[in-house]
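Chemist: Provided herewith is a single structure, encoded as structure tokens, for subsequent inquiry.
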Amino acid sequence: MQGLLLKLSTLDADAESAVRVIAYFDSLLRDHVSVPTLLAATARLAQCSVGLLDAATGRRTRTSPTGAVDTPADAPPKVRELSDGLGAVWMEREGPAHGLDEIVLERYAVAAEVTLERAARSGQDPALVELVLSAETDDVERARALRLLGFAPSTPLQALAIALPDQGLAAGLRAMGHQVRAARIGDTEAVLVATTLPRDLPEGSRVGIGPELPGARAAESWAGARTALRFTGPRDRVMRWSELGALALFADLPEPAVAGLADVRAMERLGEEHLAAVRALCLAGSVRGAAATSHLHHSSMAARIARAESVLGFSLADPAGRLRAHLALALVRLRANLRSGTPA
């Protein structure tokens, strides 16, 4: 704006016209015009052909004052580069330049930047989300994709990996006031959330939650979310990367290696009733606490634990045994996801 004011101060008699030019482009931006409409409006104002290069598609478009549109093979030598690598704009005036050409070209460039970003943003969240989450994306591309999604590269984000079919978790988070962007990646719904998630999420979907990191490191959060998803199960539907701890080291084990562990084979031989008892004991830390959370009598829970111990081949009475059982339960969930093809 300071640059514009300096130019206006040199225009004298044309200053009022320059202000009208600025107001003209401001009005176009307020109306959220499309790229073709912006070109047509600029050509009518300048009374010469104008062009635009969209760097995202590599396409050049030229529009005449009459509204005729064509695709020139090359851009003219003098173009105005747009910021953030969005592309370029130009004017093709025959004969001497008009006194307001610089102001028109500058405001046209500003309007083109805004309009191109809006066009990229509109209806293209999935592609942008994939770009942000990909480990192959370079820093410049990721920063631009984040801005188009409405995030700054420094904004703290959490990535969520939701097993499909999604039970409406992303929509539920939006309804709770979270800034959410989502895309389907393979058999998983990928979600970016800009605010810290609550401890209790809407029930239904199995979801892995990545660590909260700046947007520039969103790919790391996504990797953590995908790992966490592999440890979810029918009764453990939400898993956070931050709570996996050393379990994360097992995430890349091949399925045969997990299946070959004696504790996993023994845990899989337990019926659902005894599995639930072991799970409750691991969470509560005592038979009495497990009975209370399971709404069972103490003696009933003790009998189920005793039966489970006979199958597992080790005691659950001490912390070491419960830790062993907790790990085996997690690996049972991991193996089930490996066999069903839950994305790594």
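The values are calculated or read from the model by the stated rules, or taken from the named source; none is laboratory data. Model, not experiment: these values are computed from the prediction. Glycine also receives a Cβ, built like all others from the backbone with ideal geometry; neighbour counts cover every protein chain displayed. Ligands, DNA and RNA are excluded from the accessible area calculation, which covers all protein heavy atoms including side chains. Shrake-Rupley method; radii C 1.70, N 1.55, O 1.52, S 1.80 Å.
Chemist: Report, by residue number, each residue of the range 67-77 that is under 17 Å from Ala43 (Cα atoms) and open to solvent by 50 Å² or more (accessible area, probe 1.4 Å).
Modeler: Scanning the range 67-77 gives Ala68, Val69, Asp70, Thr71.
Chemist: Is it the case, given these coordinates, that Leu148 is over 18 Å from Ser221 (Cα atoms) and either without any contact (Cβ under 8 Å) to a residue 12 or more places away in the chain or part of a helix (DSSP H, G or I) (or both)?
Modeler: Answer is yes for this residue.
Chemist: Here is a further query. Considering only the range 194-213, state which residues are touching a strand residue (DSSP E or B) at 6+ places or on another chain (Cβ under 9 Å) and open to solvent by less than 50 Å² (accessible area, probe 1.4 Å).
Modeler: Ala194, Leu197, Leu201, Ser205, Arg206, Val207, Gly208, Ile209, Gly210, Pro211, Leu213
Chemist: Report the residue count in the range 213-238 for those that are at pLDDT 95 or above and either at positive phi or acidic (Asp, Glu) (or both).
Modeler: 1
Chemist: Next question, about the same structure. Residues being closer than 26 Å to Gly99 by Cβ and in contact with a Gly (Cβ under 9 Å, 6 or more places away or on another chain): count how many of those fall in the range 54-71.
Modeler: Residues meeting the conditions: 2.
Chemist: Can you find a residue that is in a helix (DSSP H, G or I), surrounded by fewer than 18 Cβ atoms within 10 Å (Cβ to Cβ) and not basic (Lys, Arg) anywhere in the range 177-192?
Modeler: Checked the range 177-192: no residue is in a helix (DSSP H, G or I), surrounded by fewer than 18 Cβ atoms within 10 Å (Cβ to Cβ) and not basic (Lys, Arg).
Chemist: So Arg59 ticks every box in (1) within 30 Å of Arg217 (Cβ to Cβ); (2) open to solvent by 40 Å² or more (accessible area, probe 1.4 Å); (3) charged (D, E, K, R) but one. Which box is left unticked?
Modeler: Result: Arg59 passes all but (1).
A quick yes/no check of all residues on (1) hydroxyl-bearing (Ser, Thr, Tyr); (2) at pLDDT 85 or above; (3) farther than 25 Å from Arg30 by Cα:
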site	(1), (2), (3)
Thr66	yes, yes, no
Asp74	no, no, yes
Leu100	no, yes, no
Ala112	no, yes, no
Ala119	no, no, no
Gly123	no, no, no
Val129	no, yes, yes
Val132	no, yes, yes
Glu136	no, yes, yes
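Chemist: Looking at this structure, is Val104 at pLDDT 90 or above, β-branched (Val, Ile, Thr) and within 23 Å of Tyr24 (Cα to Cα)?
Modeler: yes
Chemist: For the condition touching a residue at least 24 places away in the same chain (Cβ under 8 Å) and over 24 Å from Arg335 (Cβ atoms), what is the one hit in Ala183, Ala259, Ala175?
Modeler: Ala183
Chemist: Determine whether Ala219 is closer than 23 Å to Ala161 by Cβ, buried (at least 22 other Cβ atoms within 10 Å of the Cβ) and in contact with an Asp or Glu (Cβ under 9 Å, 6 or more places away or on another chain).
Modeler: no
Chemist: For the range 293-344, name all the residues that are within 43 Å of the chain's Cα centre (by Cα), basic (Lys, Arg) and open to solvent by 50 Å² or more (accessible area, probe 1.4 Å).
Modeler: Across the range 293-344, the qualifying residues are Arg324, Arg339.
Chemist: Can you name the residue in the range 151-168 that is part of a loop (DSSP other than H, G, I, E, B) and modelled with pLDDT of 90 or more and is also surrounded by the fewest Cβ atoms within 10 Å (Cβ to Cβ) among such residues?
Modeler: Among those that are part of a loop (DSSP other than H, G, I, E, B) and modelled with pLDDT of 90 or more, it is Ser154.
Chemist: Sticking with this one: Which condition breaks for Ala171 when tested against (1) out of contact with any strand residue (DSSP E or B) (no Cβ under 9 Å at 6 or more places or on another chain); (2) at pLDDT below 90; (3) of a type in the set (Gly, Ala, Ser)?
Modeler: (1)
Chemist: Still on this structure, I have one more. What about Ser64, is it more than 33 Å from the chain's Cα centre (by Cα) and either of a type in the set (Ser, Thr, Tyr) or crowded, with 16+ Cβ neighbours inside 10 Å (or both)?
Modeler: Judged against the criteria, Ser64 is a match.
Chemist: Return the residue satisfying two criteria in turn: it lies in the range 238-262 and is aliphatic (A, V, I, L, M) and closer than 20 Å to Val207 by Cβ, and of such residues it is surrounded by the most Cβ atoms within 10 Å (Cβ to Cβ).
Modeler: Among residues in the range 238-262 that are aliphatic (A, V, I, L, M) and closer than 20 Å to Val207 by Cβ, the one surrounded by the most Cβ atoms within 10 Å (Cβ to Cβ) is Met239.
Chemist: I would also like to ask the following. Out of everything in the range 248-281 that is acidic (Asp, Glu) and under 23 Å from Ala225 (Cβ atoms), what residue ends up being modelled with the highest pLDDT?
Modeler: So, considering only residues that are acidic (Asp, Glu) and under 23 Å from Ala225 (Cβ atoms), the one modelled with the highest pLDDT is Glu255.
Chemist: Looking at this structure, is Leu244 free of Cβ contacts under 8 Å to residues at least 24 places away in the same chain and either among the small types (Gly, Ala, Ser) or out of contact with any Asp or Glu (no Cβ under 8 Å at 6 or more places or on another chain) (or both)?
Modeler: Against the criterion (free of Cβ contacts under 8 Å to residues at least 24 places away in the same chain and either among the small types (Gly, Ala, Ser) or out of contact with any Asp or Glu (no Cβ under 8 Å at 6 or more places or on another chain) (or both)), Leu244 qualifies.
Chemist: Now for a different question. Quick one: in the range 78-98, of everything that is modelled with pLDDT of 90 or more and among the charged types (D, E, K, R), which residue is most open to solvent (accessible area, probe 1.4 Å)?
Modeler: Glu81
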